[in-house]
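Q: Dumping the structure here so I can ask a few things about it.
The values are calculated or read from the model by the stated rules, or taken from the named source; none is laboratory data. This is a predicted model, so every value here is computed, not measured. No Cβ is skipped: glycine too gets one built from the backbone with ideal geometry, and neighbour counts run over all protein chains shown. Just so you know, the surface numbers come from the protein's heavy atoms only, side chains and all, with ligands and any DNA or RNA stripped out. Shrake-Rupley method; radii C 1.70, N 1.55, O 1.52, S 1.80 Å.
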Amino acid sequence: MTTIAIPQPQVQQPGRLTLLLRYLRRNKSLVFGLLILLFLISFTVFGLLTVDTKQAYPLSVRSKQPPSLKYPLGTDFFGRNLMAAMVVGLWQTAVIGLLAGGVGTLIGVVLGFISAYFGGLIDALIKGICQILTPIPAFLLQVVIAGSLDKRSVTIYTMAVVVLLLAWMGPTLVIRSQVLSMKERQFVSVAKLSGVGDVGIIFGEILPNLLPFIAAAFVNQVFVSLFASLYLSVLGLGPLREPLMGNLIWAAQGQSAFFNGWWWWPVFPALGLVLIFSSLALINMGLDELANPRVRRTE
């Protein structure tokens with residue numbers, strides 16, 4: 001008796017875009033964080049194209065004007081259009097966070113790889129420096145450094161450097177621990193037996209698997225850097241001539257804006273900071289879920 005084989009229908013594998021959309025439906029923290037970030041970027045870009053940024057600085061408009069059609073966010077005591085100040089301030093705040101967080105993460109990735117992969121004396125040296133500096137309160141050290149600078153010469157780039165001085169230790173320890181774990185796994189051992197050199201193993205085997213951890217470390221470091229720049233600005237240790245969010249709040253506090261009825265002056269910069277930190281916190285939670293399989297949701 002002849003058996004007739006019935007061809008099985010081929011199941012079409014979902015594409016990358018479909019898989020991404022499925023994942024984003026599960027990872028609502030990442031989605032909401034990205035939406036808030038998109039709103040902030042759109043606000044800044046649109047503002048830079050439509051608002052006179054010269055009005056972000058003192059004596060450029062009539063002072064103490066409440067929100068209106070002419071000044072949607074009002075003006076402050078010093079004659080700054082808060083709409084223009086917010087646009088410029090968000091841009092400058094982002095520059096500080098991205099510079100300090102990005103360079104700090106890059107240094108941390110390089111040092112973490114070198115420390116964990118090659119080990120020995122260099123590992124002991126890098127680990128020892130991190131262990132010595134980590135217990136020192138970053139807040140106090142940054143305040144001391146920023147306080148010793150000439151206030152007239154402080155710029156957003158100077159502030160980024162002050163924040164960067166301690167921004168590399170966290171990523172270094174995170175990447176070091178992950179590389180120590182990954183270099184003992186089977187796929188690395190197979191690559192070594194196949195004759196793959198150190199460079200090939202680092203860039204071809206370990207680094208691709210570390211990308212979620214590096215992304216999470218970067219977002220977290222940007223968050224920490226922005227927070228550091230905020231409290232330095234609120235303490236009056238930032239670039240006072242620039243309309244950073246912290247500077248606007250510090251100036252509003254100095255002039256007792258709430259007690260004088262100028263509520264819009266501190267409220268809108270504070271709202272901008274809430275949106276920035278909420279966005280980064282949600283994105284960091286989403287990336288942590290991606291990097292750590294134990295906390296991933298299942299369909």
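Q: What number, in nm² with one decimal, is the all-direction average of the projected area of the convex hull of the alpha-carbon atoms of the stretch 107-207? The partial results should precede the final answer.
A: On the way: hull surface 31.0 nm².
Averaged projected area of the stretch 107-207's Cα convex hull equals 7.7 nm².
Q: Then there is this: On the protein heavy atoms, probe 1.4 angstrom, tell me the percent of accessible surface of the chain carried by carbon and sulfur.
A: Values: 11470 of 16840 Å².
Answer for the chain: carbon and sulfur cover 68 percent of the accessible area.
Q: Still on this structure, please answer the following. I'd like to check one number: the per residue accessible area of the stretch 174-222, probe 1.4 Å, reported in Å² as a whole number. Walk me through the numbers on the way to the answer.
A: Working: 2580 Å² over 49 residues.
That works out to 53 Å² for each residue.
Q: Mind ranking 249-255, 138-144, 212-218 by how tightly packed they are, going by the mean number of other C-beta atoms within 10 angstrom, highest first? All intermediate terms of the calculation are to be shown ahead of the outcome.
A: Values: 249-255: 18.9, 138-144: 14.7, 212-218: 21.4.
Top of the packing list down: 212-218, 249-255, 138-144.
Q: Still on this structure: For the stretch 162-209, just run the numbers: alpha carbon Rg, then divide by 2.2 N^0.38 Å, N being how many residues it has.
A: Values: Rg = 13.6 Å, N = 48, 2.2 N^0.38 = 9.6 Å.
Normalised Rg, Cα atoms only: 1.42.
Q: Apply 1/(1 + (r/R0)^6) to the Cβ-Cβ distance of Val161 and Leu34, taking R0 = 35 Å, and write down the FRET efficiency to the nearest 0.05. If you can, show how the numbers build up before the last one.
A: Details: r = 29 Å, r/R0 = 0.83.
Efficiency at R0 = 35 Å is approximately 0.75.
Q: For the chain, what does the helix formula give at 222 nm: sum of -39500 (n - 2.57) over DSSP H segments with n ≥ 4, over the residue count, nearest 500 deg cm²/dmol?
A: On the way: 12 runs with 196 residues, N = 299.
After summing the helix terms and dividing by residue count, I get -22000 deg cm²/dmol.
Q: What is the ratio of the Cα radius of gyration of the stretch 170-299 to 2.2 N^0.38 Å, with N the residue count, to two decimals?
A: On the way: Rg = 21.9 Å, N = 130, 2.2 N^0.38 = 14.0 Å.
Cα Rg divided by the expected 2.2 N^0.38 Å: 1.56.
Q: Ok, one more. Principal axis lengths of the stretch 39-79 from Cα atoms, whole Å, largest first?
A: 27, 19, 14
Q: Specify, per residue and in Å³, the volume enclosed by the convex hull of the alpha carbon atoms belonging to the stretch 18-155.
A: Cα convex hull per residue, to the nearest whole number: 210 Å³.
Q: Something else now. Compute the FRET efficiency between Leu275 and Thr50 as 1/(1 + (r/R0)^6), taking r as their Cβ-Cβ distance and R0 = 25 Å, and round to the nearest 0.05. Before the final figure, lay out each step's value.
A: Working: r = 20 Å, r/R0 = 0.78.
The pair Leu275/Thr50 has a calculated efficiency of 0.80.
Q: When the Kirkwood radius is taken over all Cα pairs of the chain, what Stokes-Einstein diffusion coefficient follows at 10 °C and 1.306 mPa s, in µm²/s? Don't skip to the end; give the middle numbers.
A: Working: Rh = 22.1 Å.
Rounded to a whole number, D works out at 72 µm²/s.
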